[in-house]
Every structure is written in C-alpha cells, then in structure tokens.
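The values are calculated or read from the model by the stated rules, or taken from the named source; none is laboratory data. All of these numbers come straight from a predicted model, not from anything done at the bench. All Cβ positions, glycine included, derive from the backbone under ideal geometry; neighbour counts span all protein chains shown.
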Amino acid sequence: MLLNFPLADSSQGVEKGALYVVATPIGNFADITLRALNVLAGVDLVAAEDTRHTGRLLSRYQISSPLISCHDYNESERALQFIQKLQDGVSIALVSDAGTPLVSDPGYRLISAAIQAGVKVIPIPGVSAAIAALSVSGLPTDAFVFLGFPPKKQTRRMAVLKYIENEHRTLIFYESPKRVVSFLNDCLAVLGDRCGVVCREMTKRYEEFIRGSISEMLANLSDRSEIKGECTLVLSGKNKDNPISAESLETSVSEYLLHASESPGELARKIASQFGISRKTAYQLILSEKTKDGQ
C-alpha cells in the first residue's frame, strides 16, 4: 500500500539565495526524502539535468516549481546566470536525472563557482547508486574507491584498470548496459577473476543482482540477447596478502569449516570475498576439504 504523507509548508526551511544539492530517486519515485520534497516545492527554481525527467518526478508529487536545464553542455553558461540569481536572493535546487548530483553527473562547475562567489551550498542527501550497490555487495565496506563510468575507448579503460590493479579497497564502477560485458572482459584480463556483483535496474521493477566471480558474471550476461538498464559494478580489491599460498588457503578453509554454520554456498561467498578468489574456486576448496575430513 502506498502511503501519502502531506508535505509541510513548502517554504519552511528554504533559505533565500541558497543553492540546494538535492538527491533524487535512481528509479523508484518513492525513494525520495520528505525534506527533498519540501525543498523542491519551496525553492524559486529547480536546475535539472533533464527537465522532462525531473518534470515527471515533480508532477508525481504535485510540485510546480519552475524548471530550467543544467547539463554538461550548458553548465558553464548556466553557472554564471545562476550565481547572479543566487546573489539576488533566488533559491535554487540542483538535481540530476537520478541519485546524488555531481556523482558522475553534472554540477561540479556550478558548485565550484557558487563556493567561490560566497553562495551558501546546502546538501539534501538521499539515494546514491554507488552506496546502494555497495551496501548489498557482500564486499568490505570500510574502505572503497568510486571510479564512476570507465572510459569508452578500450585502450583508456585498460590503462585505468592497470593503474588500480593493486588497489586493496573495494572498487565501484558505473557502466552502460551496452558496454558492461566488454568492460567485464577488460577487468578479467587486467584484474584477474575477482568476485563481485553487477547491480542492474536497482529499485526498479526488474531489479537484479548478478553475483560471483568476473567469469561467472560474464557467463551470465553473455548468454543474453539484450541487457537493459544502467549497471553498477562492485568488485573486490586486491587481497593485501596476495599471492596467498595454496597451503595457507586450505588451512583457512578448514578452520572455517570447523566453526561455520553457513551453507556451503554462503561460506564460499565469504571465503571468495576475503581471499579475492572466485566463488567457484572457493566452493571447490570447501568440497575438497570436506572430502578430506570424511564429511
């Protein structure tokens, strides 16, 4: 059941001459905060990456604030116009098509110019595809590197991957459905068969999480005639202790089996994440150790 919460006074808390950076849903329109709705309803102007897309969101919540475009191709020009308006006391909300503005989206030049001009910049936090994907990845979350969209040209992609191949922190990328398979192939060639997850169509009707080693994710996606929806890819970082010896890995698996209450599949995922090996390899090690122990 959809619950309809009445908005507070739309002007409440909205400061004149302030620039609000407002996070919006990445798919499901219900994933928006009450504060974001109040700000969008209360500002004098909404600067949107795509006015048609944002218009649908505002219409869904019966918000009639004026819209004006601000995207990669006009941001420099718009920034000058917006700074003047802000200095004249106009309040503006900056939104992107989905998620948090500036995170692989337009807005950097505007925010930078606003700060230099002494304009107050206020974040209205909410959804971010990168954080949403990380939270369900099953990979370490204490330290991670967000790398956005990789370059479209393979030579540049390979150079980026080569630069980060020894990075120990969890890696997060965005990729289009048209290039996700080719990018995974590049990851496999440079980074090895690490474990991870492809998060596709998050928060939408056909939301999907494809987990496993890079080769397993590739096998899953390569069999499809078409891939739809933006993808967020989360990969394990390089294990700090790599290369780990086969003997020490077997010892670790044996210790896991002595104390673990998880199913073999769940245990394989945990071992793969910790040691930077594929889930298939981890599962085979578990079966091997169980055979040795006569289980």
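Every residue in region 92-121 that is among the basic types (Lys, Arg) and free of Cβ contacts under 8 Å to residues at least 40 places away in the same chain, please. It would help to see each step written out before you state the result.
From region 92-121, those among the basic types (Lys, Arg) are 109, 120; that's our starting set.
Within region 92-121, just ARG109 meets the criteria.
Quick one: how many residues across region 1-26 are at pLDDT below 95 and of a type in the set (Gly, Ala, Ser)?
Total meeting the criteria: 4.
Listed residues ASP72, ASP31; which is in a loop (DSSP other than H, G, I, E, B), touching a strand residue (DSSP E or B) at 6+ places or on another chain (Cβ under 9 Å) and of a type in the set (Asp, Glu)? If you could, list the steps in order and put the result at the bottom.
Numbers: ASP72 fails: touching a strand residue (DSSP E or B) at 6+ places or on another chain (Cβ under 9 Å).
Only one candidate passes the filter, namely ASP31.
What do you reckon, is ARG78 surrounded by fewer than 13 Cβ atoms within 10 Å (Cβ to Cβ) and either outside the structural domain of ILE115 (by TED's automatic domain parsing) or out of contact with any Ser or Thr (no Cβ under 7 Å at 6 or more places or on another chain) (or both)? Even if it seems obvious, please write down each step before you answer.
On the way: surrounded by fewer than 13 Cβ atoms within 10 Å (Cβ to Cβ): no; either outside the structural domain of ILE115 (by TED's automatic domain parsing) or out of contact with any Ser or Thr (no Cβ under 7 Å at 6 or more places or on another chain) (or both): yes.
Criteria not met by ARG78.
Checking GLY99 against (1) buried (at least 17 other Cβ atoms within 10 Å of the Cβ); (2) in contact with a helix residue (DSSP H, G or I) (Cβ under 7 Å, 6 or more places away or on another chain); (3) on the phi < 0 side of the Ramachandran plot, only one condition comes out false. Which one?
Against the list (1) buried (at least 17 other Cβ atoms within 10 Å of the Cβ); (2) in contact with a helix residue (DSSP H, G or I) (Cβ under 7 Å, 6 or more places away or on another chain); (3) on the phi < 0 side of the Ramachandran plot, GLY99 comes up short only on (3).
Would you point out which residue out of ILE111, ILE63 is in a loop (DSSP other than H, G, I, E, B) and aliphatic (A, V, I, L, M)? Steps first, answer last, please.
Details: ILE111 fails: in a loop (DSSP other than H, G, I, E, B).
Result: ILE63 is the single residue among ILE111, ILE63 that is in a loop (DSSP other than H, G, I, E, B) and aliphatic (A, V, I, L, M).
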